[in-house]
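Enquirer: Just passing along the structure, written as structure tokens.
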Amino acid sequence: MKQPTTEHAGLRRATKSDLPALLALEQACFGHHSYPDFFFRQALDCWGDQLWLAEQNGEVLGYLLMAPGQQQEGWILALAVAEAARGRGLARALLNQALSEAERYACLKLTVDPANTAALALYQSLGFDTEDQEPDYFGPGQARLVLAWTP
């Protein structure tokens with residue numbers, strides 16, 4: 001069976017009714033590094049215009065959360081795509097949506113595990129450059145690359 005492409009998936013802003021599906025996706029993708037349920041409720045209140053979902057037939061397949069940081073920079077705090085939906089261009093579509101709305105920021109930043117070569121290649125293909133490397137970003141041995149994109 002042919003897997004649907006992004007032409008059959010839609011992007012939209014998250015709503016309160018999406019929170020259970022969003023949390024389930026977060027937990028499936030990030031396990032013990034997941035944001036807690038209350039974080040998504042507050043993210044919706046604080047940055048609801050920057051919380052995007054990719055869905056198909058009413059099923060949440062991916063999400064991206066962008067938020068303001070310091071010194072007029074924006075941060076992509078999370079990007080997740082359900083394992084069964086990977087390879088369809090959903091992460092790229094969500095990132096392109098974020099980039100299209102990033103004019104409010106002087107630059108846009110995110111972090112990525114240096115071992116996640118697929119994500120790193122995607123970010124670099126969209127113009128993100130490595131700004132910093134932190135070997136203990138989330139704690140001892142939890143390395144991250146800090147990437148930046150400038151409009």
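Enquirer: Which of the residues spanning region 126-137 are in contact (Cβ under 8 Å) with a residue 12 or more places away in the chain and outside any strand (DSSP E or B)?
Expert: Once the filter is applied, which keeps residues that are in contact (Cβ under 8 Å) with a residue 12 or more places away in the chain and outside any strand (DSSP E or B), region 126-137 yields 126, 127, 128, 137.
Enquirer: OK, next. So for region 69-83 (the condition being open to solvent by less than 30 Å² (accessible area, probe 1.4 Å), in contact with an Asp or Glu (Cβ under 8 Å, 6 or more places away or on another chain) and modelled with pLDDT of 95 or more), does at least one residue qualify?
Expert: Yes, because at least one residue in region 69-83 is open to solvent by less than 30 Å² (accessible area, probe 1.4 Å), in contact with an Asp or Glu (Cβ under 8 Å, 6 or more places away or on another chain) and modelled with pLDDT of 95 or more.
The values are calculated or read from the model by the stated rules, or taken from the named source; none is laboratory data. Because the structure is predicted, anything quoted here is derived from the model rather than measured. We place every Cβ from the backbone using ideal geometry, glycine too, and count neighbours over all the protein chains shown. Quick note on the areas: whole protein, heavy atoms, side chains included, nothing else; ligands and nucleic acids left out. Shrake-Rupley method; radii C 1.70, N 1.55, O 1.52, S 1.80 Å.
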